[in-house]
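The values are calculated or read from the model by the stated rules, or taken from the named source; none is laboratory data. In this text, all values refer to a predicted model and were calculated from it rather than measured experimentally. Here the Cβ is made from the backbone with ideal geometry for all residues, glycine too, and neighbour counts use every protein chain on show.
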There are 2 protein chains.
Amino acid sequence: MRDRGGRTVGIVGAGQLARMMAQAAIPLDIRLVLLAASASDGAARVVPDVIVGNPDDPDALDELARRCDVITFDHELVDPRLLADLERQGHRVWPSSSTMSVAQDKRRQRTELSAAGMPVPAFAAIESLADIEAFGAGTGWPVVLKASRGGYDGRGVWIVQTAAAARSVLDGATANGTVLLAEQCLPLDREFAVIVARREGGEVVTYPVTETVQRAGICRELRVPCALAPNLAWEAEDIAISIAGMYGLVGIMAVEFFLVGDRILVNELAPRPHNSGHWTIEGAATSQFAQHLRAVLDLPLGATAPTAPAIVTINLLGPDSGADPWDRLAAGLATPGAHVHLYGKTARPGRKLGHVTAVGETLGAARGAATSAAARLLDKPGNPTLS
Amino acid sequence: MRDRGGRTVGIVGAGQLARMMAQAAIPLDIRLVLLAASASDGAARVVPDVIVGNPDDPDALDELARRCDVITFDHELVDPRLLADLERQGHRVWPSSSTMSVAQDKRRQRTELSAAGMPVPAFAAIESLADIEAFGAGTGWPVVLKASRGGYDGRGVWIVQTAAAARSVLDGATANGTVLLAEQCLPLDREFAVIVARREGGEVVTYPVTETVQRAGICRELRVPCALAPNLAWEAEDIAISIAGMYGLVGIMAVEFFLVGDRILVNELAPRPHNSGHWTIEGAATSQFAQHLRAVLDLPLGATAPTAPAIVTINLLGPDSGADPWDRLAAGLATPGAHVHLYGKTARPGRKLGHVTAVGETLGAARGAATSAAARLLDKPGNPTLS
C-alpha cells in the first residue's frame, strides 16, 4: 500500500453507487474503504478494503474514519449526530452532517427551500388529522401524504382521496413514529433532475438537465437532452446552483423537479451520486461518480459536456418473471453500442439490478439501442420500461 | 459471492493492464482473480481476489485455474508448457498456450509471418557471428540485433555498426542464453498499431489504426486517426485480421507495424490489451479491456467506432527529476477534458506511471489538452513527450 496519504475515501454503504464510484476511483488512483452492511453487497465484491458493519454503529464509523481521509456516502441512512461527532473530532465528512441532515428530512427541505424563495409544491407539516383536512380544504382533494424520512422509489408516498383514507395513513404513521407532510396533488407533466457538483471554496458545475421518466414512483428512463423550454432548463440549473451554495454542498447533489404546466417546482434533494446521473458514465466528459470523488477530495472539477447529441439510460428492474439480466448478458451485449451495467445484486421483482446506456445522434437512435438491450436482458420483448 | 459460475476471469499478472481490466469488469459483473507477483502490484490494490505467487509456479497456476472459468494475461512471461498442461486438464486458457508461445518468440513470429506471405522486415535467425556478417553483407550495415524473447520498451534491441560491435552483443547473448535475430536497419518513417479482437467461432473486429509515436524504443504518444494513406490503413487492418485468424486468436491482439516509404511491415505481435490501445477507454465505444474480457468469455464483441473525430493519448513516463504524477493530480485535473489514468506504481525515471487521453474535434485540440495535463503531471513545462 502506498503510504503518502491524502487520497483515501471512505464510503458509508456498498450498493451500486459505491460500486460505480469504485470504477471511477481506479484511474485516479483513489483508494476506497467501504462500510458495508454485508460482505456480499455489490460494491464490497469489487473493493479490497471493506469494513462489515452497521452505518449507525459509532465504532464502525470510527474505524472507517481512521482508515480514510474523507467520509462520503452511498446512501443517506446515517444518523447525522454521529457524523457531527466525527466532524468535531476533526474528520472530514462530505457532504457535511448538516447537508445529510437536510437530505433526510423532506419536511425540512420544503420549509427551508420555500423560505429561501425557491418554487416548491404547496405543502404543510402534519401533526393531526385536522392539519390534513385544513390542507385538503385549501388545495382540494386528493392530497399527497409523504413520510418525511426514509421514503424512496415510491415507498412512503400515499395519495388519499378522503379524510377517512388520510386518517388510516396517519394512524399507521403515528404507530411507526413516521413524521408526515402533506403536498398538493399536482398534475405532473414531466419530471427532471439537475446534477450539481460543488467543491470547498465554491467551484461549482452542473450537468445538462435530465428528463427522468417515472412509473409508479420509480425512475425507469433518463433522456438527455430534456424536452424542456430553454428558459426553464436555465431556471432549473440556477436553482440547483443556489441550493448547492445555500447548503454549502461538497460533492454531488441531485435536485429533482416537477414540471407542472409552465412551471418547475423543486421536489427533493439527494446529496450523493444519483440514479438520474447514471447517463454521465458514457454520456459526459466526467461521470458523476468521478466528479463526486473529485469534489470530496477538493480536486478540480471535470468538464460536464455531453459526449454525444443524445443519451438514453434505461433502468433494469427485476421483472415479475424472475428473469435475471446476469443470465442474459450475452444477449444484452449483442446490441451494438449499448453499455450494460450490472450491479451484482440478486434478482428480485422490482429491484434495480442494473442499467443500460446508449449514446447516439438522436434520442430515437439512442433509445432504440438502450431499449433493445434492456428488452433482451430482462426477457421482456415489449417495452422494457413498462412494468 | 454469487455462485452461478461461468464468469470469473483469472489474470496472470497484476500490472496496469490487469488494473484497467478490473475497471472494465465492474459494469459487466465479471469477477476477477489475479495471480500477482506482489500484493502491492497496481491491480492487486484494486481487486479483492489475489493469489500472490510466481507465474511460473505450477501450483500457483493450478490454484488460479481452479478459481476461475478462463485464464488470461497481463503479460507474456509465462511458460507455454505450463499453459498447455492446464489446457490438457480441461482449463480454458485464452489466448491459447500456442498463441502465447508465438508471442514470446520474435524469431518464430518473423519466420511464420514471412512464410504466410505477410510483409515483414528482412531478417535472419542468428547462431553465429558469421550469420550476422552474412546478413550485414546482404542488407548493409548497421544491423539491428534483437533478443527473440523478453525484450520490451527498447530493451533487448541493439543497433550495431560493425562486426566487432556485433561480436560483443553476441558474446553477451550467448552468455545469457539469449537467442538473437538480425533485422535490416530500416529508415522508419512512422510506426502504427492495429488492435484486433477475435472470439471463438471467428467473430472479429478491429479498431481504427493508431499512430504510435516512439522515442528510444518507448511509445510516448498515440494518435487517432493516424496519418496513413487509406489503402495502407486497410492493408494493416486486413493483415491484423489475417494474423488473428492464422493463430486462432481469442482475445485482443496488438499488431505493430513499421511504415518504410510507402510500405507497411509487420513488426511484432502482443496477444493481450496493449499500450497502443489505451486511447480506446474514452475514445472508442468499447474499450480494449472490456473487449478482451468479452472475447475470452465468448460474449459478443462490442462496437469499435471512435467516440470523437480525434483522440490523443500521452504516456506518463517517470521523469529524471523524480517528479511523481500522483503528487500532481490536482494540477493535472485542472485541464478540462483531459482523462488522467494513474497506475498506482512507485515513480522511477523512465517507468510508465500512467497516461492521459483527450478527445476533440481535431488532433491539435486533443493533443493540446493531453499535453497540458501531462506537462503538469510530470512537472515538465516543455513537451512532456520528449525525454
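Within the stretch B:355-372, is there a residue that is facing chain A (nearest Cβ under 9 Å) and either of a type in the set (Val, Ile, Thr) or surrounded by 23 or more Cβ atoms within 10 Å (Cβ to Cβ) (or both)? Give the steps one after another, and end with the answer.
Going residue by residue through the stretch B:355-372, those that are facing chain A (nearest Cβ under 9 Å) are B:359.
Applying the additional criterion that residues be either of a type in the set (Val, Ile, Thr) or surrounded by 23 or more Cβ atoms within 10 Å (Cβ to Cβ) (or both) yields B:359.
Within the stretch B:355-372, one or more residues are facing chain A (nearest Cβ under 9 Å) and either of a type in the set (Val, Ile, Thr) or surrounded by 23 or more Cβ atoms within 10 Å (Cβ to Cβ) (or both).
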* Can you work out which of the residues in the stretch B:223-262 that are out of contact with any helix residue (DSSP H, G or I) (no Cβ under 8 Å at 6 or more places or on another chain) and part of a strand (DSSP E or B) is surrounded by the fewest Cβ atoms within 10 Å (Cβ to Cβ)? => B:VAL260
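Do we find that A:ALA173 is over 28 Å from A:MET246 (Cα atoms) and either outside any loop (DSSP other than H, G, I, E, B) or not assigned by TED's automatic domain parsing to the domain that holds A:LEU293 (or both) in this structure?
For A:ALA173, the condition - over 28 Å from A:MET246 (Cα atoms) and either outside any loop (DSSP other than H, G, I, E, B) or not assigned by TED's automatic domain parsing to the domain that holds A:LEU293 (or both) - is met.
Is it fair to say B:ALA175 is surrounded by fewer than 19 Cβ atoms within 10 Å (Cβ to Cβ), under 22 Å from the mean Cα position of the chain (by Cα) and of a type in the set (A, V, I, L, M)? Steps first, please.
Details: surrounded by fewer than 19 Cβ atoms within 10 Å (Cβ to Cβ): yes; under 22 Å from the mean Cα position of the chain (by Cα): no; of a type in the set (A, V, I, L, M): yes.
In short, no.
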* To do: Could you please let me know if A:LEU301 is touching an Asp or Glu at 6+ places or on another chain (Cβ under 6 Å) and either more than 12 Å from chain B (Cβ to nearest Cβ) or in a loop (DSSP other than H, G, I, E, B) (or both)?
  => yes
* To do: Please work out if B:GLU221 is away from chain A (no Cβ under 14 Å), without any contact (Cβ under 8 Å) to a residue 24 or more places away in the chain, closer than 30 Å to A:THR286 by Cβ and not basic (Lys, Arg).
  => no
* Asked: Just a yes or no: is a residue in the stretch B:332-351 assigned to a helix (DSSP H, G or I), of a type in the set (Gly, Ala, Ser) and either farther than 20 Å from B:ILE218 by Cβ or more than 11 Å from chain A (Cβ to nearest Cβ) (or both)?
  -> yes
* Asked: For the stretch A:312-328, which residues satisfy the criterion of being in contact with a Lys or Arg (Cβ under 8 Å, 6 or more places away or on another chain) and either farther than 25 Å from A:ARG367 by Cβ or within 12 Å of chain B (Cβ to nearest Cβ) (or both)?
  -> A:LEU316, A:TRP326, A:ASP327, A:ARG328
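Condition first: assigned by TED's automatic domain parsing to the domain that holds B:PRO349 and within 18 Å of B:ARG110 (Cβ to Cβ). Can you find one or more residues in the stretch B:202-214 that meet it?
Quick first cut of the stretch B:202-214, residues assigned by TED's automatic domain parsing to the domain that holds B:PRO349 only: B:202-214.
Next, only the ones that are within 18 Å of B:ARG110 (Cβ to Cβ) stay: none.
No, because not a single residue in the stretch B:202-214 is assigned by TED's automatic domain parsing to the domain that holds B:PRO349 and within 18 Å of B:ARG110 (Cβ to Cβ).
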* To do: Of the numbered conditions (1) touching a residue at least 40 places away in the same chain (Cβ under 8 Å); (2) within 26 Å of A:VAL296 (Cα to Cα); (3) part of a helix (DSSP H, G or I); (4) of a type outside the set (S, T, N, Q), A:ASP131 fails exactly one; give the number of that condition.
  => (2)
* To do: Only residues that are surrounded by fewer than 24 Cβ atoms within 10 Å (Cβ to Cβ) and away from chain B (no Cβ under 14 Å): list them for the stretch A:276-298, please.
  => none
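Just checking: which of the strands (runs of 3 or more DSSP E) contained wholly in the stretch A:1-90 hold 2 or more residues that are without any contact (Cβ under 8 Å) to a residue 60 or more places away in the chain, within 26 Å of B:ASP324 (Cβ to Cβ) and within 14 Å of another protein chain (Cβ to nearest Cβ)? Quick ask: steps written out before the conclusion?
Details: elements: A:8-12, A:31-36, A:50-52, A:70-73.
Result: A:31-36.
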* Structure fact -> A:PRO48: passes all of (1) modelled with pLDDT of 95 or more; (2) buried (at least 21 other Cβ atoms within 10 Å of the Cβ); (3) touching a Pro at 6+ places or on another chain (Cβ under 6 Å) but (2)
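Condition first: in a helix (DSSP H, G or I), surrounded by 15 or more Cβ atoms within 10 Å (Cβ to Cβ) and not aromatic (Phe, Trp, Tyr). Can you find one or more residues in the stretch B:196-213 that meet it? Break it down into steps so the answer makes sense when it comes.
Here is the first cut: in the stretch B:196-213, the ones in a helix (DSSP H, G or I) are none.
Scanning the stretch B:196-213 turns up no residue that is in a helix (DSSP H, G or I), surrounded by 15 or more Cβ atoms within 10 Å (Cβ to Cβ) and not aromatic (Phe, Trp, Tyr).
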* Quick check: is even one residue across the stretch A:94-104 under 30 Å from A:LEU342 (Cα atoms), of a type in the set (S, T, N, Q) and assigned to a strand (DSSP E or B)? -> no
